[in-house]
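Undergrad: My questions will all concern the structure given below.
The values are calculated or read from the model by the stated rules, or taken from the named source; none is laboratory data. Computed from a prediction, not measured in an experiment: that's the story for all the values here. Cβ placement follows ideal geometry from the backbone for every residue including glycine, while neighbour counts extend to all protein chains displayed.
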Amino acid sequence: MANCKCGKKAVFFRKYEGRHLCRRHFSESIEKKAKRTIAKAGMVKKGDRIALAVSGGKDSCVMLHLMHKVFGKRPDIRLVAVSVDEGVRGYRKESLDVARRLCRKLGVEHHTYSFRKEFGKTLDQKVRELKKLGKGELREPCTYCGVGRRYILNRAARELGATKLCSGHNLDDETQAILMNYMRGDLPRASRMGPVTDWSMAKRRGELFIPRIKPMREIPERESAIYAAVNGLEMYSKECPHISGIRFQVRDFLNDMGSMYSGIKFTVLETFDKILPCIRDTVRKEEAEIKLCGNCGEPGSDDVCKTCKLWRA
Amino acid sequence: MRVFYSGKELKAGYRKGMSVEGLLKSLGINPETVLVKVNDEIVPDDCMLDKEDNIEVLRVVSGG
């Protein structure tokens, strides 16, 4: 078997760099990459209180581990973990147990919020309700879950006094979202991507929406999993029973391309980052004014926000 | 050679000079979506296999 440059047994062959890496050099390369991503985009500033969105899945556990490694000893940076219990039987409780254990081990303060408490029902109940209404009413469960989760995470981060909201989105998540936004022609959503979510378009937004940061956006999903495994991180790897929709077809397409052309996901991301300023310029000119939801008071683009339309109607 | 994919044993034929990547391709598994342990150790895709190996293929792509 091939060895790392240090002579130790390799655990990974990074095709797009043409090098074999042992446990230590593989881990160091991931940590270096995350630090570089953070520095390059100026994701973290002195005095930041960072809310870490942790579900207990591998990517959020790796993100928590990396952020704690980089900022855990910095007296000027504070970390707090936030989880959302969507109420998915046989799935979420188990993953939140993993998140709790990791936070306890690292000594990171941890808060859990739930769909049941916030919206009066779980995602399981919502899906059952929608199925009863018939096909015309049924959107993908991921739509309800994503909208509800983002809403709760933003509000929780604000209530906890966080200045940043950090997620474990990896390179695969980012490239899937880029292609999906193109396919849907959703420029407003594309304009909010990038390493730091840009809420500078309206000053009010910056106060209501907590800027989101993604330190793992240049780390491929597979390498995130290998990092978790070689560092002995406990992680929950079961799939959500409600998964569906176009994302999974896009994911398979990108993985097929990635196995044929190594490094192609990086190219998708780099190209997107280059044209992002143009997308933001276009959206700025066309964008509707930010309104406060008449029902819950949270920010949105309509008189009633999307969360209230989907969850409180 | 015994191969387990997400806990289930798969039927896989051993060929001399077969690599992890070759095995995955023969099983129709995209290497981008898994990590592979041979005799309990994580190995790179170009690792050569032995007919006595115990191989564990773990799915790593997220699903929600």
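Undergrad: Got a number for residues in region A:1-39 being at the interface with chain B (Cβ under 10 Å from one of its Cβ atoms), surrounded by 18 or more Cβ atoms within 10 Å (Cβ to Cβ), touching a Pro at 6+ places or on another chain (Cβ under 7 Å) and not β-branched (V, I, T)?
TA: Residues meeting the conditions: 4.
Undergrad: Does region A:24-46 include one or more residues that are in contact with a strand residue (DSSP E or B) (Cβ under 8 Å, 6 or more places away or on another chain) and polar (S, T, N, Q)?
TA: yes
Undergrad: Okay, next question. Could you grab me the full set of residues in region A:224-233 that are free of Cβ contacts under 8 Å to residues at least 60 places away in the same chain and more than 10 Å from chain B (Cβ to nearest Cβ)?
TA: A:G232
Undergrad: Taking region B:39-53 as the search range and keeping residues that are in a strand (DSSP E or B) and closer than 20 Å to A:S237 by Cα, which one is nearest to the other protein chains (Cβ to nearest Cβ)?
TA: Among residues in region B:39-53 that are in a strand (DSSP E or B) and closer than 20 Å to A:S237 by Cα, the one nearest to the other protein chains (Cβ to nearest Cβ) is B:I42.
Undergrad: Which members of region A:249-258 meet the condition of being under 13 Å from A:D173 (Cβ atoms) and more than 10 Å from chain B (Cβ to nearest Cβ)?
TA: A:V250
Undergrad: Would you say A:S60 is of a type outside the set (V, I, T), touching a residue at least 40 places away in the same chain (Cβ under 8 Å) and farther than 15 Å from A:L165 by Cα?
TA: no
Undergrad: I'd like the residue in region A:234-248 that is surrounded by 17 or more Cβ atoms within 10 Å (Cβ to Cβ) and more than 8 Å from chain B (Cβ to nearest Cβ) and, out of all such residues, is farthest from A:R128 (Cα to Cα).
TA: A:M235
Undergrad: May I pose another question? Starting from region A:284-296, take each residue that is loosely packed, with under 15 Cβ neighbours inside 10 Å and at pLDDT 85 or above and list its partners that are part of a loop (DSSP other than H, G, I, E, B) and not polar (S, T, N, Q), counting only C-beta distances under 7 angstrom and pairs at least six apart or across chains.
TA: A:G294/A:D303; A:G294/A:V304
One line per residue, one yes/no per condition, for (1) within 14 Å of another protein chain (Cβ to nearest Cβ); (2) under 18 Å from the mean Cα position of the chain (by Cα); (3) assigned to a helix (DSSP H, G or I):
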residue	(1), (2), (3)
A:K117	no, no, yes
A:K121	no, no, no
A:D124	yes, no, yes
A:K132	no, no, yes
A:G146	yes, yes, yes
A:R149	yes, yes, yes
A:I152	no, yes, yes
A:R155	no, yes, yes
A:E174	yes, yes, yes
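Undergrad: What are the pairs, 6+ residues apart or on separate chains, where a residue within region B:1-20 that is in contact (Cβ under 8 Å) with a residue 12 or more places away in the chain and within 13 Å of B:I55 (Cβ to Cβ) has its Cβ under 6 Å from a residue that is assigned to a loop (DSSP other than H, G, I, E, B) and of a type in the set (D, E, K, R)?
TA: B:M1/B:K51; B:M1/B:D53; B:Y14/B:K51; B:S19/B:D46; B:V20/B:D45
Undergrad: Would you mention how many residues in region A:8-46 are farther than 28 Å from A:M193 by Cβ and among the aliphatic types (A, V, I, L, M)?
TA: The qualifying residues number 3.
Undergrad: Would you pick out the residues in region A:165-199 that are under 19 Å from A:K265 (Cα atoms) and acidic (D, E)?
TA: Across region A:165-199, the qualifying residues are A:D172, A:D173, A:E174.
Undergrad: Of all the residues that make up region B:1-15, how many are within 14 Å of another protein chain (Cβ to nearest Cβ) and of a type in the set (V, I, T)?
TA: Qualifying residue count for the region: 0.
Undergrad: So for region A:284-297 (the condition being charged (D, E, K, R), under 21 Å from the mean Cα position of the chain (by Cα) and within 30 Å of A:R251 (Cβ to Cβ)), does at least one residue qualify?
TA: no
Undergrad: Sort out which residues of region B:6-38 are within 19 Å of A:Y16 (Cβ to Cβ) and outside any helix (DSSP H, G or I), and write them in order of number.
TA: Within region B:6-38, B:S19, B:N30, B:V34, B:L35, B:V36 meet the criteria.
Undergrad: Restricting to region B:16-33, name every residue that is at the interface with chain A (Cβ under 8 Å from one of its Cβ atoms) and surrounded by fewer than 21 Cβ atoms within 10 Å (Cβ to Cβ).
TA: Correct list: B:N30, B:P31.
Undergrad: Continuing with the same structure: Please enumerate the residues belonging to region B:54-64 that are more than 8 Å from chain A (Cβ to nearest Cβ) and either modelled with pLDDT under 95 or buried (at least 18 other Cβ atoms within 10 Å of the Cβ) (or both).
TA: Those that are more than 8 Å from chain A (Cβ to nearest Cβ) and either modelled with pLDDT under 95 or buried (at least 18 other Cβ atoms within 10 Å of the Cβ) (or both): B:I55, B:E56, B:V57.
Undergrad: Tell me yes or no: at least one residue of region A:206-223 is within 11 Å of chain B (Cβ to nearest Cβ), touching a residue at least 12 places away in the same chain (Cβ under 8 Å), not polar (S, T, N, Q) and not in a helix (DSSP H, G or I).
TA: Yes; the residues of region A:206-223 include at least one that is within 11 Å of chain B (Cβ to nearest Cβ), touching a residue at least 12 places away in the same chain (Cβ under 8 Å), not polar (S, T, N, Q) and not in a helix (DSSP H, G or I).
Undergrad: Right, another one. Can you find a residue that is under 30 Å from A:E270 (Cα atoms), touching an Asp or Glu at 6+ places or on another chain (Cβ under 6 Å) and not hydroxyl-bearing (S, T, Y) anywhere in region A:52-70?
TA: No.
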